[in-house]
Amino acid sequence: MSEAVRLSRRVAELRGCSRSEAEHLIEGGWVRVAGQLVEEPQRLVRDEAIEVDPKAKVEAPTPVTIVFHKQAGELAAPSAQSHADDDSARMRVLRRHFHRLATPMPLGGGASGLVVLTQDRSVLRRLTEDAALVEQEWIVHVAGQVPPEVLQRLGRGLPGKVSVNSSSDTDARLRFAFKGMAPVELPARCEAAGLRVLAGKRLRLGRVPLGQLAPGKWRYLLPTERF
């Protein structure tokens, strides 16, 4: 049995390329060891069969941004198994896409809806340094009816707009669109107006909507989408 060596070394020998190029091939999901996809360049191999996809491209990792539909009270992070089947980005899901993800503008534990996780520094800057310029859209479910005077009181001093999305004899859903306010302030504003919050859901960040993304699922941010 031969001495164990790093997979990146074996791929570099097979392809006649540099070690860094071999690492890009492995992390890009182009290499199989004994028929199994392996994405870790540091994996130790001996005599196993190494296959490099004929379509393989030596490309430096491109940072990704993930749009996630968080469920209320959920702590789970996106994984390959929770990727939306109808993701129109048509990108191959790679392990490296789940590394070093930042979560700007997070939701509180009791809220649900759109969460952004990103490796992209420009997206991170937009949702941190320029967060006050990014509009958020929310639906807040409250108990009871919301008379016009209560709605007026709720909108007083709000950096945006509030309206009744739907209502019944027992509850109502309010639509908020605002900038420059943290999501955790919404329940406090509702309670100050005499309302009891049942649930809150973020529908949009800037021009990026939650859309039809199912709860617990995620998709890649499209190249054409901007916050």
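Throughout, read-outs are computed from the coordinates displayed, never taken from laboratory work. Because the structure is predicted, anything quoted here is derived from the model rather than measured. Glycine gets a Cβ as well: all are built from the backbone with ideal geometry, and neighbour counts include every protein chain shown.
The table below lists the values:
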| quantity | calculated |
| --- | --- |
| Value of relative contact order over region 135-205, rounded to a whole percent, pairs C-alpha under 8 Å and six or more apart | 49 |
| Region 5-52 - percent relative contact order, Cα under 8 Å, separation 6 or more | 41 |
| Within a Gaussian network of the chain (alpha carbon springs, distance under 10 Å), most fluctuating of ALA60, ALA102, ALA84 | ALA60 |
| Relative contact order [Cα under 8 Å, 6+ residues apart], the chain, whole percent | 22 |
| In order through region 29-42: 3J(HN,Hα) via Karplus (6.51 cos²θ - 1.76 cosθ + 1.60), integer Hz, x for Gly, Pro | x, 9, 10, 10, 10, 6, x, 10, 5, 10, 10, 10, x, 7 |
| Set LYS70/LYS201; LYS161/LYS201; LYS161/LYS217 screened for pairs whose C-alpha atoms are more than 21 Å apart | LYS161/LYS217 |
| Sorted by Cβ neighbour density within 10 Å, fewest at the top, the residues MET105, MET181 | MET181, MET105 |
| Electrostatic dipole magnitude of region 5-52 [Cβ: Lys, Arg +1; Asp, Glu -1; Cα centre; debye, to 20] | 160 |
| Size of charge dipole - region 135-205 - debye, nearest 20, with Cβ of Lys, Arg +1 and Asp, Glu -1, no other charges | 220 |
| Average projected area [Cα convex hull, region 135-205], square nanometres | 4.0 |
| Charge dipole (region 10-144, unit charges on Cβ, about Cα centre) - positive-most of GLY28, SER88, PRO41 | PRO41 |
| Long-range HN-HN contacts of GLY144 with modeled amide H, under 5 Å | ASP171, ALA172 |
| Rounded to the nearest 20 debye, dipole of the chain from Cβ charges on Lys, Arg, Asp, Glu | 440 |
| Estimated 222 nm signal from helices in the chain, with DSSP H stretches of n ≥ 4 weighted -39500 (n - 2.57), rounded to 500 | -4500 deg cm²/dmol |
| Derived scalar couplings ³J(HN,Hα) [region 126-135; Karplus, 6.51 cos²θ - 1.76 cosθ + 1.60; whole Hz; x for Gly, Pro] | 4, 9, 10, 5, 10, 4, 5, 9, 9, 6 |
| Rg and Dmax of the chain, Cα atoms only, in Å | 23.3, 81 |
